[in-house]
1. When residues of the stretch 31-53 are filtered for being touching a Pro at 6+ places or on another chain (Cβ under 9 Å) and surrounded by fewer than 18 Cβ atoms within 10 Å (Cβ to Cβ), how many remain?
2. Considering only residues that are assigned to a strand (DSSP E or B) and open to solvent by less than 50 Å² (accessible area, probe 1.4 Å), which ones fall in the stretch 60-79?
3. Can you pull out the residues in the stretch 134-154 that are within 12 Å of the ligand (Cβ to nearest atom) and open to solvent by 50 Å² or more (accessible area, probe 1.4 Å)?
4. Here are Pro92, Pro11: which of them is surrounded by fewer than 16 Cβ atoms within 10 Å (Cβ to Cβ) and within 16 Å of the ligand (Cβ to nearest atom)?
5. In the stretch 193-212, what residues are surrounded by fewer than 14 Cβ atoms within 10 Å (Cβ to Cβ) and in a helix (DSSP H, G or I)?
6. Need the failing condition index for Ala57 against (1) part of a helix (DSSP H, G or I); (2) within 16 Å of the ligand (Cβ to nearest atom); (3) open to solvent by 10 Å² or more (accessible area, probe 1.4 Å); (4) among the aliphatic types (A, V, I, L, M), just the number.
7. Take the residues in the stretch 158-183 that are in contact with a Gly (Cβ under 9 Å, 6 or more places away or on another chain) and not charged (D, E, K, R); name whichever of them is nearest to Arg129 (Cα to Cα).
8. How do the pairs read when you match residues in the stretch 171-192 that are part of a helix (DSSP H, G or I) and open to solvent by less than 70 Å² (accessible area, probe 1.4 Å) with residues anywhere that are more than 8 Å from the ligand (Cβ to nearest atom) and of a type in the set (Asp, Glu), using Cβ under 9 Å and keeping only pairs 6 or more apart or on different chains?
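The values are calculated or read from the model by the stated rules, or taken from the named source; none is laboratory data. Everything numeric here is computed off the predicted structure, so don't read it as measured data. Neighbour counts are summed over all protein chains in view; Cβ atoms, including those assigned to glycine, are modelled from backbone coordinates with ideal geometry. Side chains are part of the model used for accessible areas, which takes the heavy atoms of the whole protein and leaves out ligands, DNA and RNA. Shrake-Rupley method; radii C 1.70, N 1.55, O 1.52, S 1.80 Å.
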Amino acid sequence: MKKFTIAIDGPSGVGKSSLGKALARRFGYQYIDSGAVYRAVGRKALDLGVSLDEGGAVARLARAAAVRLEGDPDHLKVFLDGRDVTTEIRLPDASRAASVIATIAEVREAVVEKLREMSREGGVVMDGRDIGTRVFPEAEVKLFLEASPEERARRRWAEDRERGREVSVEQVRAELEERDRRDRERTATPLVRAEDAVLIDTSNTPLDRVLDSVLEIVNSRS
Ligand code: CDP
């Protein structure tokens, strides 16, 4: 069977990574979390004390950053310049930094290049904000996930709590809304649904049912 590229886009907390990992397991594909690359670049800017709005400087460090995603979908590790940053890139400062540096066109170009390089061998499930529109406009399957703001905040809050972050749902919702706004309003490949992406609302649908409907879509195109 021909190896597909499956592009999953949408805002935070809609279940992109859970679906992406499940699909990758099912097909024996590589799962690539593009947000982790933006997070690693944001982390590097913070570590080096580079101001997040200095586009040229952030783009230079993005080009120079060696970002590696390693392991199977359930045990994915993220390495930045040889250092394991899997945990720290999920902390609130790295989330915000990723969102800010992701508005810089030159940074996005550098990240897109890295993502394509990581996908060279084909058979890839990638999630993010611009996968179906920019990274892989030719992807055989494109999905755009949505969910209500309440449900998205609740899911992200539960994940944060699992990671030991004591935070209110309201705070999480405010952070998500701020990042969403930046993603949707930036001029460099903003978050939009590709015309040929299938829209899936995951607000009231458990992952296994979302997965079933996506498997139908994939099989119908094989
Ligand atoms: O985990 P969450 O969905 O909240 O975010 P993420 O996928 O880890 O991405 C972190 C940030 O990187 C997002 O807030 C986006 O601003 C940015 N991003 C992007 O601009 N384009 C992508 N393809 C992936 C992430």
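1. Count: 0.
2. Going through the stretch 60-79, the residues assigned to a strand (DSSP E or B) turn out to be 67-70, 77-79.
Listed by number, the residues that qualify are Val67, Leu69, Val78, Phe79.
3. First, pick out the residues of the stretch 134-154 that are within 12 Å of the ligand (Cβ to nearest atom): 134-136, 145, 147, 152-153.
The one that is within 12 Å of the ligand (Cβ to nearest atom) and open to solvent by 50 Å² or more (accessible area, probe 1.4 Å): Arg134.
4. On the way: Pro11 fails: surrounded by fewer than 16 Cβ atoms within 10 Å (Cβ to Cβ).
Only one candidate passes the filter, namely Pro92.
5. Leu207, Asp208, Arg209, Asp212
6. (2)
7. Kept after step one, since they are in contact with a Gly (Cβ under 9 Å, 6 or more places away or on another chain), are these residues of the stretch 158-183: 159, 172, 176.
Now restrict to residues that are not charged (D, E, K, R): 172, 176.
Details: Val172: 19, Leu176: 14 Å.
If we take residues in the stretch 158-183 being in contact with a Gly (Cβ under 9 Å, 6 or more places away or on another chain) and not charged (D, E, K, R), then Leu176 is nearest to Arg129 (Cα to Cα).
8. Matching pairs, first to second residue: Val172/Asp160.
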